[in-house]
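What follows is one structure encoded as structure tokens, with my remarks underneath.
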Amino acid sequence: MKSNHLKILLCLLWLFMIVLPLLRMLSTMAGLNLFEVMTARKFSRAFWQSLNVSSVATFISVSVAGVLSWAVARTNVKHKQLISTLIIVPMLIPSISHGMGLIIIFGANGVVSKIFGLTGGIYGFWGIVFGSVMYSFPVAYLMLYDILRYEDGTPYEAAEVIGLGAIDRFFAITLPYLRKPLISVIFATFTMIITDYGVPLMIGGKYITLPVMMYQDVIGMLDFGKGSAIGVVLLIPAAVACVLDMVSRDSNRLSFVGKPHAIKDNHARDLVAKVIIFAVIVAIFVPIVAFSVIAFIKKYPVNMAMSFAHAARAFEIGALKYLANSLIIAVAVSLLGTALALFNAYMTARAKTKLSYFLHLMSIVSLAVPGIVLGLSYVMFFKGSMIYGGLVILLVVNITHFFASPYLMAYNTFSKLNENLESVGLIMGISRLSVVRDVILPQSKQTIVKMMSYFFINSMMTISAVSFLSNTFNKPLSLMIPQFEGQMQIECAAFVSLVILGANVMMKILEDFSLKLTR
Amino acid sequence: MINKLAIENVSKSFGNVAVLHDVSFVVRGGEFLSVLGPSGCGKTTLLRILIGLETPDSGKIFKDDADITTLPASMRKMGMVFQNYALFENMTALRNVEYALLKSSALKNSYNRATAREKAEEMLEIVGLEKFFDSKPSQLSGGQQQRVAIARTLALNPDIILFDEPMSALDVDMRLSLRAEIKELAKKFRTTMIYITHDQEEAFAMSDRIAIMNAGKIHQIDTPHNIIESPADEFVENFVIKNINIKINSLIHFQRKS
Ligand SMILES: Nc1ncnc2c1ncn2[C@@H]1O[C@H](COP(=O)(O)OP(=O)(O)OP(=O)(O)O)[C@@H](O)[C@H]1O
Ligand SMILES: [Mg+2]
């Protein structure tokens, strides 16, 4: 059968893009005394530090996201659309830039530190915690907001008839309903934080976490064996998060029926919500404004005159070329990744055979592989191959890294379309290609726009997988941030972050515009 | 061409689940045949085999004495109407019909833009949708959407039309009016119609003959009158008696009509 041939082809593609590279990484551990690596003092310290800092950051991040999503979803505040848009702005810049924003404000020479005469600054544990919260809570917010928004309102009405109080209602209805999805949100957030190396690299100081240690082992000492061992440890939370996510995705679908929540008038509650929302938005934008300003100041904090010297310096050492690299990669990943995800999702959602389920699993494996682990496996697997060292490998690694989410968007959209469309085509003698082009894709326009935007934005700001695969020729712009950080040129790093933010804001505007156009 | 269909010893299983067991029957040219049976007894599978969306494991299908068992669906000159309409949601009612006329490989480009449009308008008028040419399916009621689907099917001029519970998603009023219209179309186009339904009243009121099916077998195929008067076996008797009230009502209806 023809569709099975295509599916086998896709499975082979995934074999080369993710399975074999991972196996290659695992194989380097064969000759390694794993016990020795894991019990080494440096390793166990990084391990516990990672665990501590990620647990605290996850707790804060999910709490903030929870309160915030309540404030938006369950009150009558106005401009909910705008609020949600502002809240996701942190998702448009690399995590490392959040660390930088914090340094500018709370660092040794930070604005706030100066004013209050604090010494030492916010490095180490709390720096990582707050930096991690900054970039992770919008993601948790989006998930929780959706969950709250679609919660069935009927049990609450019943509770009111019985006369249950607010606290009882929370424990009797909200918490049980939230339990499963909440666990999956917590794990997703935890995974995001424990596998990130941007923030700890920027602000961690002597507080070394696993990703930073892995980065140092591999890039600094070319110790691939130890790097792989750390990679394996980092795979574990991601794999758990992935499984939990799939479980709660399935069970959630059932509770999506029912009545939307009726929100009563309550001015006191709305006022509290407004204050919370306002505070969060300020907290989001202060660091962003800070690095936007810093980028154009002569020498912070010595000379506060406006200056384009840092921008000029960035361009001098190739920012333009790296920006071009980034844009080429992001546009190519956006186009090719979306095309591949659509094709892949069509095969699993609308051309169902026994192979479809297997291909579906292959397509979402990347959900369980952190960027730095993927990057490391790619180095080992593709070294010496034709594509190594060029833009192509960055393109491939980004498509693989970011594939699962857009793929699932397409899969869900395709699954919801009428299941008999292809049958109608067969009966009427309309070719499958025509049905796809003229009926299926036009009905998926909105999803396609979102997929393209997702690939683009993530490719613009990623520093994880690509950092193992870049050289001076193919480097994307985002990697100039750790480079400048290493040279203590925080103003230049700020400028680069700003450029990335600009490109991604542009993409978001384009996305919104296209979504309105295709509605 | 009298548009008759003969099914000979058709069997079909999915994996190790046998869905159809050695099914044989004949559909006469121009007749309206309903297929009645409990959920999961294989009605949809039977239709999908008749039209060519599935191939039987064994057995043959003849259309006017030509073996069509392996003929592609699009070459069988048969149409199918689905329970969930299966319209092209991104196209207007008119465009749905027009698109089928322009793209159908069976018609071999016998329509150009102008003639396809003319034909599409004509078909929508026949099903009473002259006011809704430019409406998208989402702007139409369930009954209207099913009318578009019927117009789209009829436009390709099929010899035989298969209906798979076309009205089970509609409310009662809509069913009654669409029921009358489908009967009229059958007469007008002299199309053979095979009609799956869960609604016994519907089957008894509309059909020239009814096939009673259970667990992958046809138990009886006969006129409504004969099925009630002399059920072939215990299953048929029980299956029909369960709906004794409906039966009496539709008998009255049936006799009033004939
Ligand atoms: N593609 C398939 N793969 C496996 N099993 C199938 C497939 N299609 C149908 N079946 C099984 O075959 C049996 C008959 O299904 P079919 O859809 O023909 O029943 P039906 O009479 O149309 O039922 P209903 O009245 O509920 O529509 C069912 O048990 C069903 O689960
Ligand atoms: Mg059926």
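Does segment A:311-327 contain at least one residue that is among the aliphatic types (A, V, I, L, M), open to solvent by 30 Å² or more (accessible area, probe 1.4 Å) and not in a helix (DSSP H, G or I)? Yes, segment A:311-327 contains a residue that is among the aliphatic types (A, V, I, L, M), open to solvent by 30 Å² or more (accessible area, probe 1.4 Å) and not in a helix (DSSP H, G or I).
Within segment B:51-83, restricting attention to residues that are within 16 Å of ligand 2 (Cβ to nearest atom) and touching a residue at least 40 places away in the same chain (Cβ under 8 Å), which residue is farthest from B:SER104 (Cα to Cα)? Only one residue tops the list, namely B:GLN83.
Pairing each residue of segment B:206-231 that is farther than 15 Å from B:ILE196 by Cα and outside the structural domain of B:ILE182 (by TED's automatic domain parsing) with any residue that is at pLDDT 90 or above and open to solvent by 10 Å² or more (accessible area, probe 1.4 Å), provided the two are 6+ apart or on different chains, yields no C-beta distance under 7 Å. Checking each residue of segment B:23-43 against the condition of being touching a residue at least 24 places away in the same chain (Cβ under 8 Å), under 18 Å from B:ILE196 (Cα atoms), among the hydroxyl-bearing types (Ser, Thr, Tyr) and within 11 Å of ligand 2 (Cβ to nearest atom) gives at least one match. Only residues that are free of Cβ contacts under 8 Å to residues at least 24 places away in the same chain, open to solvent by 60 Å² or more (accessible area, probe 1.4 Å) and in a helix (DSSP H, G or I) were counted across segment A:28-61, and they come to 6. Take segment A:352-365 and flag every residue that is touching a helix residue (DSSP H, G or I) at 6+ places or on another chain (Cβ under 6 Å) and either basic (Lys, Arg) or open to solvent by less than 10 Å² (accessible area, probe 1.4 Å) (or both). If the condition is that a residue be touching a helix residue (DSSP H, G or I) at 6+ places or on another chain (Cβ under 6 Å) and either basic (Lys, Arg) or open to solvent by less than 10 Å² (accessible area, probe 1.4 Å) (or both), then A:SER356, A:LEU359, A:SER363, A:ILE364 are the ones that fit. So is B:PRO56 assigned by TED's automatic domain parsing to the domain that holds B:ASP199, within 9 Å of ligand 1 (Cβ to nearest atom) and of a type outside the set (Gly, Ala, Ser) or not? No.
No other residue among A:PHE456, A:PHE468 is away from every other protein chain (no Cβ under 14 Å), buried (at least 21 other Cβ atoms within 10 Å of the Cβ), over 14 Å from the mean Cα position of the chain (by Cα) and at negative phi apart from A:PHE468.
The helices (runs of 4 or more DSSP H) found entirely in segment B:195-247 that carry 1 or more residues being modelled with pLDDT under 85 are B:234-241. Residues satisfying the criterion are present in segment A:258-281 (criterion: under 30 Å from A:PHE484 (Cα atoms), modelled with pLDDT of 85 or more and not polar (S, T, N, Q)). State all residues of segment B:29-53 that are within 10 Å of ligand 1 (Cβ to nearest atom), of a type in the set (Gly, Ala, Ser) and within 21 Å of B:LYS4 (Cβ to Cβ); if no residue qualifies, say none. Residues satisfying the conditions do not exist here. The residue of segment B:28-72 that is surrounded by the most Cβ atoms within 10 Å (Cβ to Cβ), among those that are within 10 Å of another protein chain (Cβ to nearest Cβ) and under 15 Å from the mean Cα position of the chain (by Cα), is B:ILE51. Touching a helix residue (DSSP H, G or I) at 6+ places or on another chain (Cβ under 7 Å) and in a helix (DSSP H, G or I), is that true of A:MET91? Yes.
Of the helices (runs of 4 or more DSSP H) lying entirely inside segment A:163-204, those containing at least 1 residues that are without any contact (Cβ under 8 Å) to a residue 12 or more places away in the chain are A:166-169, A:175-194. Quick one: which residue in A:GLY375, A:GLY429 is within 14 Å of chain B (Cβ to nearest Cβ) and among the small types (Gly, Ala, Ser)? Of the residues listed, the single one that is within 14 Å of chain B (Cβ to nearest Cβ) and among the small types (Gly, Ala, Ser) is A:GLY429. Scanning segment A:333-351 for residues that are open to solvent by 20 Å² or more (accessible area, probe 1.4 Å) and either among the basic types (Lys, Arg) or at pLDDT below 95 (or both) yields a total of 1.
The values are calculated or read from the model by the stated rules, or taken from the named source; none is laboratory data. Remember, it's a predicted structure, so these values are computed and weren't measured experimentally. With ideal geometry, Cβ positions are generated from the backbone for all residues, glycine too; neighbour counts draw on all protein chains shown. These accessible areas exclude ligands, DNA and RNA; they are computed on the full protein's heavy atoms, side chains included. Shrake-Rupley method; radii C 1.70, N 1.55, O 1.52, S 1.80 Å.
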